[in-house]
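Input: a single structure, listed below in C-alpha cells.
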Amino acid sequence: MTAPTAPAAVRQPPRTWLRAHLACARMEFRAALTYRTAYLSSFAMMLLQIWLLTVVWRAFYDGRAEVDGLGLATMTAYATLTTLQYQLVSPWRSSPIDQRVREGKVAVDLLRPVGFPGQMLAGQLGWASAAVPVLVVALPFALLIGAGRAPASAAAGFAYPVALAGALLVNQLLGLLLGMVSFWTLEVSGALMAYRFVAQFFSGALVPLWFMPGPVRAAAEWLPFQATAYTPAAVYLGEIEGAGIAAALGVQLAWIAALGALAAFVWSRARRRVMSQGG
C-alpha cells in the first residue's frame, strides 16, 4: 500500500467541518441504497426473527400472566422493539475500512481535509441511516407479527430517542474499532462473525438482561454491548425509570467517550503503520 503524506491538519470552521462530514454520510447513504436485495433479505429476516421470538416467548410463558414480575405483553413488545432498533443500530455492514485497506483506497482518504476516523464514522452513520425508510415501511408488518406499545411514561418517550442515538454511536464506534483491525490483518470477516454473535447476545437483543443468570448479566453490564439494545428498549418500556434513566444515559456517554479515545489511539498506531509502509 502506498500512502502519500497526509495534508497538515487545518482548523476548519464548524460549518465547513459539519458540511464535510455530512458529505461523507450522504455518499455512503446513497451507496447503501444500491444494495436493495441485501436490504430486502435482511428485513425479511428481521420480520422472521420477530415472529420466532414472539412464538418462543409465548411458549415460555405458557399461559402464565407474569414471569419474574414481567408480563407477556412487555416481553413481546421488547422483542419487537429490540429487533427493529437493532436493524438501525447494527446494519449488516459494520465498516468500509477493511475493503478500503485491501483496495488501497486509504491513500486517497488520507489526502482529504477530513480526518480518516471522522470520514469513516460519518460514512458508517450514513450507511446505517439508509435503513430508516425501509424500517418505516416494515413497521406495520412488524407490529402485526409481534407487538407494540406506547412509551411507559412521558419521561420514557423523551429519553428513548436520546438513548437510541447513544446506542447508535456506541455501536458505530465499535464497528470503527473492528474495521481498523484490518490495518494489521487485512481481513476481518472471521472476527466480524464472532463479534456479531457476542454483541447481539450481550446487547440483550435476543434475551433481555433481566432474564440472564447472575454472572452472565454481570458480564453484560460491564460490556458496552448492553448500551446498544437493552438500554433504549428498557427505557422505552419503563424497566429503567426515574434516576435510572439518567444513569443509563450516563453509562452510554461514558462508553462513547472511552471508545472514541480508544479509536483515536488505535488510529494513531494504524496511521503510523500506513506511513511506514508507504515510505
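The values are calculated or read from the model by the stated rules, or taken from the named source; none is laboratory data. Owing to the predicted nature of the structure, the values given are computational and were not obtained by experimental measurement. As a convention, Cβ positions derive from the backbone with ideal geometry for all residues, glycine included, and neighbour counts pool all protein chains shown. When the accessible area is computed, the model is the full protein with side chains, heavy atoms only, and any ligands, DNA or RNA have been set aside. Shrake-Rupley method; radii C 1.70, N 1.55, O 1.52, S 1.80 Å.
Element breakdown for the chain at a 1.4 angstrom probe: carbon and sulfur atoms account for 69% of the accessible area. FRET efficiency for the residue 218 to residue 258 pair, using the beta carbon distance and R₀ = 22 Å, is estimated at 0.70.
Every helix of 4 or more DSSP H residues in the chain counts as -39500 (n - 2.57), and over all residues that averages to -24000 deg cm²/dmol at 222 nm. Between 140, 14, 224, the Gaussian network model of the chain with springs among Cα atoms under 10 angstrom shows the greatest mean-square fluctuation at 14. If the segment from residue 44 to residue 155 were pulled out straight at 0.36 nm per residue, it would be longer than the present Cα-Cα gap by 36.7 nm.
For the chain, the solvent-accessible area works out to 50 Å² per residue, with a probe of 1.4 Å and every protein chain left in place.
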